[in-house]
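The values are calculated or read from the model by the stated rules, or taken from the named source; none is laboratory data. Predicted model, so just to flag it, every value in this text is computed and none were measured. For neighbour counting, all protein chains shown are included, and Cβ atoms are generated from backbone atoms with ideal geometry for every residue, glycine included.
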Amino acid sequence: MIIHILNDEKFSDWVIDAFEKVNPSKNIFLMVSDSNTSGYLDDPRIEFIPKKRFLDEVIPRESDLFIFYYLHRHSIDFLIKHRKRRFKKLWIGYGSDYYYYLLRPPYYRSLYREETEKIFNQHYRRNLVKNLGLKVYQFIYFNLWVRRAILTLDYFSPIIPNEFDMVAETHSFSNLTNVGFTFGDLDYLFADYAPTKQKSHILVNNSATYAGNHLDILKLLKKLRVAQKIILPLNYGDQNYRNHIVRYCEQHFSNQAECITEFLPRRAYFTKVTQCEFTIMGHLRQQAMGNIYALLYAGSKLFLYKDNPVYAFLRELNMSVYTIEDLEDNPSLIEIPLEHDQKERNRQIISSYYSWQASKDRIKAICSL
C-alpha cells in the first residue's frame, strides 16, 4: 500500500487523480489537520486525521511506501518516532521546504539580491534579539529534528533533478536515492486554458515573495527604459512585501505596471500571463516551475539569473532561454521575441518532458520501489 501524506496545497488534487489512474485502489490519502478542512482540496478520497491520531495510530508496515509531500513538522515527528521500523519512505519536496531546511545560509548562499536584501532587512531584522533567537531555534531544530528525520528516509525527489546534487554537495545524506517526480502535466495545467494572441508585455515573477527579487528586476527595467507594459502577479505571498512592490511601481512606473493583487481563477490567470511575450523570473532558486512550463509552451521568452538552477536544468533540456545577465549586456533582447523555430522547439521539449505519459512513467517507477 502507498500512504500519501498530502500537503494542503496546489497540485495535491492532481496527485490523487494521477496515482489512482496508475495504481488504482492501492493508495491511502491522508491530510494531517486538526481542523478537518482544506484550503485547496474537496475530495472524498482524502481522509483527514488530527496530528495526535496520526502519530499514535498510523503504524507503518514493512511492505508500505510512505510518501511525504513537503516535510512538515508532523511528518518529521512521525519519521523520528518510527525510525527503527522498516518501511519505505519517500520525501517529495515542494521547494520551499528543502530550501528552508537545507539550502539557506549558512549552508548555502543567500537567495536575495542587493535591493531585496535591503528591504528584507528593513522588514524582518528590526528586532535583533528576536531574530538572533530565531537563528538559534533554526539551528537547534535542524540538528535535533530535521536532520534526524532526513536520515531515516530512503528516497528524495526535488522539483528539478539538479537540486538533488545541490543537496548532496551541501549535506552528506548518503541514505537518499534520487527519484524522479513532477507535479502536474500539460493536460492538467491547461485544462481550463484558452490560447490567446501574445502581446509585447513583460511578466515579472509569479508571486509576492522576497525570493523573486522584484526590486532588483524593476530597477533594471527602469535603467533599460523599457516601454512595454509590465505585469506583476502579487496575489499570493507576503502582504507587507506586496504592498512595498505596489508602492514602488506606482512611484516609478505609473500606469505602465499592472500589479495583480486579487485572486484570479486558474483559467483567467494563465490567460493573463501567457499573453506576455517576455518573462523575467528573478529568483536565485527553483520556483514557479508550473508557470515556467506553461510560459515556455506558450512561446514566451524567458530570462533567469545564471545562478538559478532552473537555468542549467532548462539548458540541459536544450531549451531556448536567456540570462538576466545577458539582458543587462544587451537590452535589445527584451524587445525581440523568440523566433518561430525557437518557440516550436521549446514547445516540443515541454510536450515531451511534462506530458501525462512522462508523468505516468515516473509514477510507475515510484509504485515499483
Requested in this report: Go over the candidates L333, L302 one by one and state the one that is in the same structural domain as S200 (by TED's automatic domain parsing), at pLDDT 95 or above and outside any strand (DSSP E or B).
Outcome: L333
Query - Filtered residues of region 165-203 (kept if within 24 Å of R104 (Cβ to Cβ), among the hydrophobic types (A, V, I, L, M, F, W, C) and touching a Ser or Thr at 6+ places or on another chain (Cβ under 8 Å)) - result: V179, F181
Query raised in the report: Could you list, in sequence order, the residues of region 238-270 that are among the small types (G, A, S) and either at pLDDT 95 or above or touching a Ser or Thr at 6+ places or on another chain (Cβ under 8 Å) (or both)?
Result: A257
Requested in this report: State all residues of region 229-247 that are out of contact with any Phe, Trp or Tyr (no Cβ under 7 Å at 6 or more places or on another chain) and under 12 Å from I280 (Cβ atoms); if no residue qualifies, say none.
Outcome: I231, L232
Report summary line: Among (1) out of contact with any strand residue (DSSP E or B) (no Cβ under 6 Å at 6 or more places or on another chain); (2) touching a residue at least 24 places away in the same chain (Cβ under 8 Å), E57 falls short only on (2)
Report task. Output yes when any residue across region 208-225 is within 19 Å of Q256 (Cβ to Cβ) and of a type in the set (S, T, N, Q), and no when none is. Result -> no
Query raised in the report: Of the residues P24, P50, which single one is under 16 Å from H72 (Cβ atoms), surrounded by fewer than 16 Cβ atoms within 10 Å (Cβ to Cβ) and either assigned by TED's automatic domain parsing to the domain that holds G237 or at pLDDT 95 or above (or both)?
Result: P50
Report task. Counting only residues that are under 21 Å from the mean Cα position of the chain (by Cα), give me the helices (runs of 4 or more DSSP H) lying completely in region 1-108 with at least 3 of them. Result -> 12-22, 73-81, 96-101
Report task. Mind telling me which of the residues N318, N346 ends up being within 28 Å of P158 (Cα to Cα), part of a helix (DSSP H, G or I) and modelled with pLDDT of 95 or more? Result -> N346
Query raised in the report: Got at least one residue in region 207-225 being modelled with pLDDT of 95 or more, part of a strand (DSSP E or B) and touching a strand residue (DSSP E or B) at 6+ places or on another chain (Cβ under 7 Å)?
Result: yes
Query raised in the report: Is it true that R285 is within 20 Å of the chain's Cα centre (by Cα), loosely packed, with under 15 Cβ neighbours inside 10 Å and under 23 Å from Y98 (Cβ atoms)?
Result: no
